[in-house]
Amino acid sequence: MAFPNLSDIVATTIQNRSGKLADNALKQNALLNWLNERGNVKTFSGGNVILQEIMYNDANTQNAGSYSGYDVIDITPNSPISAAQFDIKQYAAAVTVNGLETLQNANKQQIIDLLDGRVSLAEKQLMNTLSAGVYGDGTGNGGKNLTGLAAAVSTTPTSGTYGGINRATWTFWRNVAFSALTDGGAAASSANIQSYMNRVLLQTIRGADAPDVAVADNNYYRFFLESMQAIQRVTDDKTATSGFAGLSYYGAGKKMQVFCDGGIGGSIPTNRMYFINSDYMFFRPHSERNMVPIGGDRQSVNQDAVVKLIGWAGNLTTSGSQFQAVLGA
């Protein structure tokens with residue numbers, strides 16, 4: 001009996017699922033799902049780093065102002081920094097089939113059925129790993145993990161380098177950080193969570209510009225939920241059908257969606273709520289490495305097995321750190 005070309009079947013199975021996988025990866029995480037709906041999942045096509053143009057007002061190089069008649073107009077470039085730079089982070093998951101399994105599933109349909117389960121498992125592992133990276137600081141696995149919210153929206157925003165820009169030097173690159181104990185005077189609870197949220201948001205509003213989504217761990221989401229239950233305020237239909245636990249927040253003159261991104265296996269740090277202005281937050285996958293099969297045939301030299309990889313490359317980037325905030329313990 002002729003056995004099917006296992007390597008080709010594995011590659012085809014992964015390729016046929018790539019588009020759906022890339023879409024599903026965004027739905028594993030409340031923030032990524034929100035960014036996707038806002039059109040802020042933007043691919044890049046190459047380069048040594050991901051360049052993200054930044055939005056800020058440097059008072060030292062401000063060139064906008066009034067003039068009269070023939071006055072000379074200041075045309076000095078209005079900022080010494082035009083873009084932040086983010087490393088390209090790579091992720092992969094392996095699909096493996098050994099020789100015995102090939103013999104036990106001798107026809108093409110049996111192999112495809114076997115691969116469906118293997119590919120599905122690899123997909124879920126890859127999506128969960130990426131989802132966890134969204135909340136990391138980029139130092140995990142020797143600095144190979146995503147530069148996530150722990151770096152983008154830091155609890156210590158006056159120090160450190162993010163996106164190649166030193167926050168100790170450039171104040172515009174510092175997000176808002178609010179500690180419940182230090183700044184609020186008491187641990188967060190259902191009695192004070194809305195007051196703390198108001199105080200955070202008032203520091204991030206600039207005209208109509210304001211955070212439009214918040215993601216919280218189980219504790220802080222529960223505090224907010226309990227604070228709302230007395231008036232039975234619930235989310236709108238769009239939030240309810242997004243697949244995530246969410247509520248509408250009205251405060252500081254703005255409306256914002258609040259999602260729970262904790263739950264089973266949640267990666268958001270304990271006692272943490274991130275306030276995101278999604279106009280300045282982006283998920284940047286590489287256009288040719290977005291949940292696709294990578295590399296050629298991988299037949300083990302000293303094992304009877306075939307391996308195929310599903311790969312992703314990119315990073316989470318920010319163009320305006322000063323518009324983001326974090327509420328912590």
Task: Paramagnetic reach from Asn98 in segment 280-313 [backbone N under 19 Å; point 7 Å along Cα→Cβ] - done: 298-309
Open item on the list: Nearest 500 deg cm²/dmol is fine: what mean residue ellipticity at 222 nm does the chain get from its DSSP H runs of n ≥ 4 alone, each adding -39,500 (n - 2.57), divided by its residue count?
Closed with: -8500 deg cm²/dmol
Open item on the list: Distance cut-off 25 Å, Cα to Cα: go down the list Lys42/Lys124; Lys27/Lys144; Lys20/Lys255; Lys20/Lys308 and report the pairs above it.
Closed with: Lys20/Lys255
Task: Efficiency of FRET between Ile205 and Thr169 - r from beta-carbon atoms, R0 35 angstrom, step 0.05 - done: 0.90
Open item on the list: Give me the percent of accessible area attributable to carbon and sulfur for the chain, probe 1.4 angstrom.
Closed with: 48
Task: Size of electric dipole in segment 86-140: Cβ of Lys, Arg +1 and of Asp, Glu -1, about Cα centre, debye, nearest 20 - done: 80
- [ ] Counting only C-alpha contacts under 8 Å and six or more residues apart, can you give the relative contact order of the chain as a whole percent?
- [x] 27
TODO: Using a 1.4 Å probe and ignoring any ligands, DNA or RNA, find the accessible area of Glu226 and quote it in Å² to the nearest 10.
DONE: 80
- [ ] Specify which residue in the list Trp312, Ser267, Asn277 is farthest towards the positive end of the charge dipole of the chain, using unit charges on the beta carbon of Lys, Arg (+1) and Asp, Glu (-1), about the Cα centre.
- [x] Ser267
Task: Segment Met55-Gln109, length gained on full extension (0.36 nm per residue, minus Cα span) - done: 14.1 nm
TODO: Starting from the Cα of Tyr67, step 7 Å along the direction of its Cβ; do the same at Val301; then give the gap between the two resulting points in nm.
DONE: 6.8
Open item on the list: Tell me which DSSP H helices of the chain clear both cut-offs, 20 Å or more of axial length from alpha-carbon atoms and a mean Kyte-Doolittle hydropathy of at least 0.0.
Closed with: 6-26
TODO: Please calculate how many Å² of accessible area segment 76-143 carries per residue, with a 1.4 Å probe and no DNA, RNA or ligand atoms counted.
DONE: 51
Task: Extended-chain gain in nm, criterion 0.36 nm per residue less alpha-carbon gap, Tyr250 and Asn24 - done: 78.4 nm
TODO: Would you be so kind as to identify which of Leu225, Gly133, Ile111 lies farthest towards the positive end of the dipole of the chain, taking Lys and Arg as +1 and Asp and Glu as -1 on Cβ and the Cα centre as origin?
DONE: Leu225
Open item on the list: Given Cβ point charges of +1 (Lys, Arg) and -1 (Asp, Glu) and nothing else, what value in debye, to the nearest 20, does the dipole of the chain about its Cα centre take?
Closed with: 300
Task: Theoretical gain in end-to-end length, Ala186 to Ile294 [0.36 nm per residue, Cα-Cα removed] - done: 33.8 nm
- [ ] First measure r as the distance between the Cβ atoms of Asp74 and Asn128, then evaluate 1/(1 + (r/R0)^6) with R0 = 45 Å and state the FRET efficiency to the nearest 0.05.
- [x] 0.30
Open item on the list: Taking the Cα centroid of segment 105-152 and of segment 157-178, what is the distance between the two, rounded to the nearest whole Å?
Closed with: 31
TODO: Report the calculated FRET efficiency for Ile81 and Arg38 (r = Cβ-Cβ distance, R0 = 22 Å), to the nearest 0.05.
DONE: 0.30
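The values are calculated or read from the model by the stated rules, or taken from the named source; none is laboratory data. All values reported here derive from a predicted model rather than from experimental measurement. Cβ: placed from backbone, ideal geometry, glycine included. Neighbour counts: every protein chain shown. Accessible surface is based on the protein model in full, side chains and every heavy atom, while ligands, DNA and RNA are left aside. Shrake-Rupley method; radii C 1.70, N 1.55, O 1.52, S 1.80 Å.
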